[in-house]
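Quick notes on the structure that follows.
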Amino acid sequence: MHQSILAFRKRRYLWLALVVTGLSIAGFWIDDPQEPANGGTVLGYTLGTMGALLILWLAWYGVRKRRYASTAGTVQGWLSAHVYLGAALPIIVLLHSGFQFGYNVHTLAFVLMSLVIVSGLFGVYVYLKYPQRLSENRGGANRSALIDELEDVDERSKRIASKLPPEFQELVSSGISRLQLGESMWQRLRGRDLSQVLLKRGNDYAVVANPGQEAALDWLADQQAKCREPETAAVIGELSALLRNKRRLLKPLAEDLRLQALLEVWLYAHIPLTAALLAALLVHILSVFVYW
Amino acid sequence: MKFLIRFISRNAAGGTEQHDRLVDAPIITMGRATDRMLHLRDRRARLEHAQLEDQNGKVHITTAALAGVEVNGRSQRDARLVVGDVVEVGSNILRVIEAPPGSDFAFTFELSADAERDASAPGHYAAEAKRFSMRSLSWFLAAAVLLLALVVPGLDVVNPQFAAVARGSKLLPDDTWWLAGPVHTAHTAAGADCQNCHVAAFERVPDEACVDCHEVNRHVAGDTHAVLGERRCASCHLEHNEPPELVKRHQGLCADCHRNLPDDVALENAGDFLLDHPGFKVSLLQPQVNASGETEWVLQHRLLADAQAADRSNLKFNHAAHLDEAGILAPEGRRVIDCAECHQPEPGGARMRPIRMDQNCAGCHSLNFDPDDPRRTVPHGDPDAVMQVLIEYYSARLLGDDPDAGEQRVRRPGRALTRADRDRAAAEARVQAMQVAEDLFERRVCVNCHEVTRSDDPEMPWTVLPVKLTERFFPHSNFTHAAHDTAASACDGCHDASVSESSADVLIPAIESCRDCHGSAVARHNNASQTPSTCIMCHSFHFEAKGTYP
């Protein structure tokens, strides 16, 4: 049965995270370091060591999840602990710092850590929320079924267009090849349809923006209205119906791509910022002891 | 120019189909972008890859792509096209053909066999989105952090010349990026160069770095506080903290040991100002006459409670009389005086200036001796000099040297003084001087404030006991009057001067008086008007007064 990573094993890692946080806060409350709270007191070193080890362990998740042969816990358990202990990290680190900030490499490490955690929390949010929205959007089918249907529509359009003058074939083939729903992650996230189409206007061809097949459908309607031969007009009408069908199918596909992109995009912050954080952590520890 | 494009595509049966497109334009654009006239379906093509253009009736292919386009197998960025030329961009192939009637230039356009298959593959609708590489971005960010935050500032540690350049530059990162907190304003000058204190990398700041600028005394030599072990200056004097605080003020710093001292330490225990602090002791100067009859001043350290009338300064002074609410008789008449008329703070406001006869007393206590000549005064502080002045004064009057005493001259006009006249006048002057001196020393002037004794010495029978006022009653604490100068605190809030009739009274407040406002270091023991007070608020670890006071 499916179980959310948050609910893994009766939320055991939530409790672990709460205990670790609670102990840190209690320690900070009780500790009387005879000086402003900072990373250099006994408690400061303790919390700092905890935080650093926790960061290394959290980053190790990226390695563990690729070790398919590993039997050190399940990946699901690791992820559950990764999420809860990661959320506990900023409290430990704040207490370590004694709430002292500045324009320096130490606060840089803190900022990078915060960004990693925020992006991770966003990742948790989308993983909990978007798979449901994805399947709702596809209406029970999966994406390849949607694409099969689209390709079928394309094939039939080509066949019908071959009965019409070359500009109709140009319309169909350019409409297919110049479709652009998700060249880049950014485009997918914004859900923009940058498709274009080649239309014959007068004696010449023009490249025209074709979001949602609008331009193609308008052009076909125009051609149909001008057409004097009823049989040809009927064929044009058939092509229009197919393109309307295509438009109906493209909408959920674009939404599918958008949701899929959202499921992935946070990792583009989470992973590179983690690398930067590990470097900043090293800088933090070294610089503090270079000028001890 | 009229371009004829002949599209060639393969159908399912394996044959080819073709259709023509006639374009009347000076330029044919081509690229992967969907708004190009020729849409290139290959990742190797740029969005705006190349163009065919009419240059004076001749057709050229030009490109901005560094790699150029392949014309007949050679990479070129600008090439004239003639019939038979083949242009390749990835899997897109252009072949220049004879222009049929009605066109100026013609070419075929097709995809290579394998590319055709790819383009019609199911991936077309949901091809992988173009994305930057997470891995290279990760390496880039990590390397940037290491370079800017570690390597470049680290050069400051290794190379002083580079450090000077980096710290002077606004753009180069320097080791101020490593600051764990602000440098205290007291160290602004020294803090300009980290190495002034952080002498060696990976070593704590050594005491020598502090002693370079600071002089320190007692408690540092180690004999008094050997128990502290290897404490460094920086154990208590912390830099780079917020709030900036160069001195640890924590109670435990002293009280951890002093609340329960070993038996062999000759100090009373003290753990907290409100709850566990012995009564105040005062340091009083006491006169002692030594074997040769001279007065020596000895410091006595006595419990304040037992020393309420123990101040032996040899001065007679009645605070109550001077502070009389009805006023006192001054040269200009009767007037009320207040404490500040005599007790003036030192610059900085910590302590009071010493009281001096000429500045604080002489305004009222005139040292004149002759009612007929009130401007004449005797000097203060030297009895022999007083006698000398008196004798000279009366001699001059009798011998006529003093122009003011003309009518009393012994000398008759037109006649010189004989030796006998002089001797007689001198004897008479001495008698007069002795009479006036007796009046001054014993009855009218000196005796008001001083202890005067009389001996059988015919030349100078009076002795005035030397006076010395205690300047620091609490040499081991740092009390500053300025910090206590509030509307709520008048002098008599702490000092009972207005009822003190004897200078033997020690007008120093007892500990209870301080506790009105100063409480325990632990806030919950204090009442609303008590401020938490730790040892360091009054005492210092490094005694300024070391050696001067017991």
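List the aspartates and glutamates whose Cα sits under 17 Å from the Cα of A:K158, skipping any in the same chain fewer than 8 residues away.
The reachable aspartates and glutamates, counting only those whose Cα sits under 17 Å from A:K158, are A:D148, A:E149, A:E167, A:E170, A:E238, B:E17, B:D20, B:E116.
Restrict the search to segment B:235-302; then list the GluC sites (Glu not before Pro) that DSSP places in a loop and that have at most 13 other Cβ atoms within 10 Å of their Cβ.
Taking segment B:235-302 and a limit of 13 other Cβ atoms within 10 Å, the loop GluC sites (Glu not before Pro) found are B:E268, B:E294.
If you plug each phi of segment B:198-203 into the Karplus form 6.51 cos²θ - 1.76 cosθ + 1.60 with θ = phi - 60°, what whole-Hz ³J(HN,Hα) values come out, in order, with x for Gly and Pro?
Residue by residue, segment B:198-203 yields 7, 5, 10, 5, 6, 10 Hz.
Quick one: which residues, 5+ away or cross-chain, put their amide H under 5 Å from the amide H of B:S500? H built at 1.01 Å from N.
Here the answer is B:A320, since their amide H atoms fall under 5 Å of that of B:S500.
For a quick check: with amide H placed at 1.01 Å from N, whose amide H comes under 5 Å from B:A106's, ignoring anything fewer than 5 positions away on the same chain?
When sequence neighbours closer than 5 places are left aside, the close amide H contacts are B:L4, B:I97, B:A99.
Report, as an integer, the average count of C-beta atoms from other chains found within 10 Å of each Cβ along A:147-156.
That average works out to 2.
I'd like the distance between the alpha-carbon centres of segment B:325-340 and segment B:43-64, rounded to an integer number of Å.
If you average the Cα positions of each part, the centres end up 109 Å apart.
Expressed as a whole number of Å, what is the distance separating the alpha-carbon centroids of segment A:1-66 and segment A:261-292?
Segment A:261-292 and segment A:1-66 have Cα centres separated by 17 Å.
Less than 18 Å from a label point 7 Å out along the Cα-to-Cβ axis of B:I328: which backbone N atoms in segment B:301-316 qualify, by residue?
B:313-316
Past the 18 Å Cα-Cα mark, which pairs from B:K281/B:K468; A:K200/B:K2; B:K316/B:K468; B:K2/B:K58?
Numbers: B:K281/B:K468 20 Å; A:K200/B:K2 15 Å; B:K316/B:K468 12 Å; B:K2/B:K58 12 Å.
Correct reply: B:K281/B:K468.
Could you give me the ³J(HN,Hα) list for segment B:325-341, computed from phi with Karplus coefficients 6.51, -1.76, 1.60 and θ = phi - 60°, whole Hz, x at Gly and Pro?
Whole-Hz 3J(HN,Hα) from phi for segment B:325-341: 5, 7, x, 10, 7, 10, x, 8, x, 7, 7, 8, 10, 10, 4, 5, 5.
Would you kindly state how much longer the chain becomes between A:Q3 and A:E214 on full extension, computed as 0.36 nm times their sequence separation minus their alpha carbon distance, in nm to one decimal?
Fully extending the segment from A:Q3 to A:E214 adds 71.6 nm.
Packing-wise, with mean Cβ within 10 Å as the measure, how do B:152-163, B:97-108 rank, highest first?
The peptides rank, most packed first, as B:152-163, B:97-108.
Please list, ordered by chain and number, the residues whose modelled amide H lies under 5 Å from the amide H of B:D276; skip anything fewer than 5 residues away on the same chain.
HN-HN under 5 Å from B:D276: B:G271.
Pairs of alpha-carbon atoms within less than 8 angstrom and 6+ residues apart define the contacts here; what relative contact order does chain B have, in percent?
It comes to 11 percent, rounded to a whole number.
Toward the positive end of the charge dipole of the protein assembly as shown, about the Cα centre and with charges on Cβ (Lys, Arg +1; Asp, Glu -1), which of B:A427, B:F7, B:V59 goes farthest?
So the residue furthest toward the plus end is B:F7.
Let me know the charge dipole size of chain A about its Cα centre in debye, to the nearest 20, where only the beta-carbon of Lys, Arg (+1) and Asp, Glu (-1) is charged.
Numbers: 30 positive and 24 negative charges, 130 e Å.
Dipole about the Cα centre, nearest 20: 620 debye.
Mind listing the phi-derived Karplus ³J(HN,Hα) values for segment B:172-185, rounded to whole Hz, using 6.51, -1.76 and 1.60 with θ = phi - 60°, and x for any glycine or proline?
Along segment B:172-185, the couplings run 6, x, 10, 6, 5, 5, 8, 3, 7, x, x, 6, 4, 4 Hz.
Per residue of B:169-175, count partner chain C-beta atoms within 10 Å of its C-beta, then hand back the mean as an integer.
1
Around B:S103, what is the net charge, scoring Lys/Arg as +1 and Asp/Glu as -1 over all other residues with Cβ under 14 Å from its Cβ? Numbers along the way, then the final one.
Working: positive: B:K2, B:R6, B:R21; negative: A:D204, B:D20, B:D24, B:D54, B:E98, B:D104.
Charge balance near B:S103 sits at -3.
Inside 10 Å of the C-beta atoms of B:132-144, what's the mean count of C-beta atoms belonging to other chains? Display every interim value, and only then the final one.
On the way: counts 4, 1, 7, 3, 1, 7, 8, 3, 3, 11, 10, 3, 2.
Rounded to a whole number, the mean comes out at 5.
With a point put 7 Å past each Cα toward its Cβ, work out how far B:Q55 is from B:A309 in nm, to one decimal.
12.2
Just order B:333-343, A:70-80 by mean Cβ neighbour count inside 10 Å, highest at the front, would you?
Per-residue Cβ counts within 10 Å, averaged per peptide and sorted highest first, yield A:70-80, B:333-343.
For the charge dipole of the protein assembly as shown, defined by +1 on Lys and Arg C-beta atoms and -1 on Asp and Glu C-beta atoms about the Cα centroid, which residue among A:F110, B:V467, B:A180 has the Cα displaced farthest towards the positive pole?
Farthest towards the positive end: A:F110.
Using a cut-off of 20 Å between alpha-carbon atoms, which aspartates and glutamates can reach A:K65, once sequence neighbours fewer than 8 places away in the same chain are excluded?
A:E264
Report, in whole Å, the centroid distance computed from the Cα atoms of segment A:135-155 and segment B:284-309.
108
With the crude spin-label approximation of a point 7 Å out along Cα→Cβ, what separation in nm comes out for B:D423 versus B:F479?
6.3
Please get the size of the charge dipole for chain B, origin at its Cα centre, with Cβ charges of +1 on Lys and Arg and -1 on Asp and Glu, quoted in debye to the nearest 20. If you can, show how the numbers build up before the last one.
On the way: 56 positive and 79 negative charges, 479 e Å.
Its charge dipole is roughly 2300 debye.
Is the shape of segment A:143-264 rounded, prolate or oblate, going by the alpha carbon gyration tensor and its root eigenvalues a ≥ b ≥ c, with a/c under 1.5 for rounded and a/b larger than b/c for prolate? Spell out each step's value before the answer.
On the way: a/c = 2.66, a/b = 1.84, b/c = 1.44.
Taking the square roots of the gyration eigenvalues as a ≥ b ≥ c, segment A:143-264 is prolate.
So how much slack lies between A:E264 and A:L56, counting 0.36 nm per residue of separation and subtracting their Cα-Cα distance, in nm?
Going from the current span to full extension adds 72.6 nm.
Given chain B, what percent of its DSSP beta bridges are antiparallel, to the nearest 5?
Bridges in chain B that DSSP calls antiparallel: roughly 85 percent.
Residue farthest toward the positive end of the dipole of the protein assembly as shown, with Cβ of Lys/Arg at +1 and Asp/Glu at -1: which of B:H518, B:P244, A:A254?
The residue sitting most towards the positive pole is A:A254.
Would you mind working out the magnitude of the charge dipole of the protein assembly as shown relative to its Cα centre, with +1 at each Lys and Arg C-beta and -1 at each Asp and Glu C-beta, to the nearest 20 Debye?
Values: 86 positive and 103 negative charges, 1074 e Å.
Dipole about the Cα centre, nearest 20: 5160 debye.
Using packing as a proxy for protection, rank A:141-147, A:108-114 so that the peptide with the highest average count of other Cβ atoms within 10 Å comes first.
A:108-114, A:141-147
Filter chain A for me: DSSP H helices, axial length by Cα at least 24 angstrom, mean Kyte-Doolittle hydropathy not below 0.5. List them by residue number.
A:8-30, A:42-64, A:75-97, A:105-138, A:267-290
Please say if segment B:2-124 is rounded, prolate or oblate, where rounded means a/c under 1.5 for a ≥ b ≥ c the square roots of the C-alpha gyration tensor eigenvalues, and otherwise the choice is prolate for a/b larger than b/c and oblate otherwise?
On the way: a/c = 1.72, a/b = 1.23, b/c = 1.40.
Since a/c reaches 1.5 but b/c is at least a/b, the shape of segment B:2-124 is classed as oblate.
Classify chain B as rounded, prolate or oblate from the Cα gyration tensor: take a ≥ b ≥ c as the square roots of its eigenvalues, call it rounded if a/c is under 1.5, otherwise prolate when a/b beats b/c and oblate if not.
Prolate, since a/c reaches 1.5 and a/b exceeds b/c.
From the helices alone, meaning DSSP H stretches of at least four residues, give me the mean residue ellipticity at 222 nm for the protein assembly as shown, per-run term -39500 (n - 2.57), in deg cm²/dmol to the nearest 500.
-12000 deg cm²/dmol, from helical runs alone.
Every read-out reported here was derived from the displayed coordinates using simple, explicitly stated rules and does not represent laboratory data. Given the structure is predicted, the values throughout are model-derived calculations rather than measurements. Every residue, glycine as well, gets a Cβ built from its backbone with ideal geometry; the counts of neighbours run over all protein chains shown.
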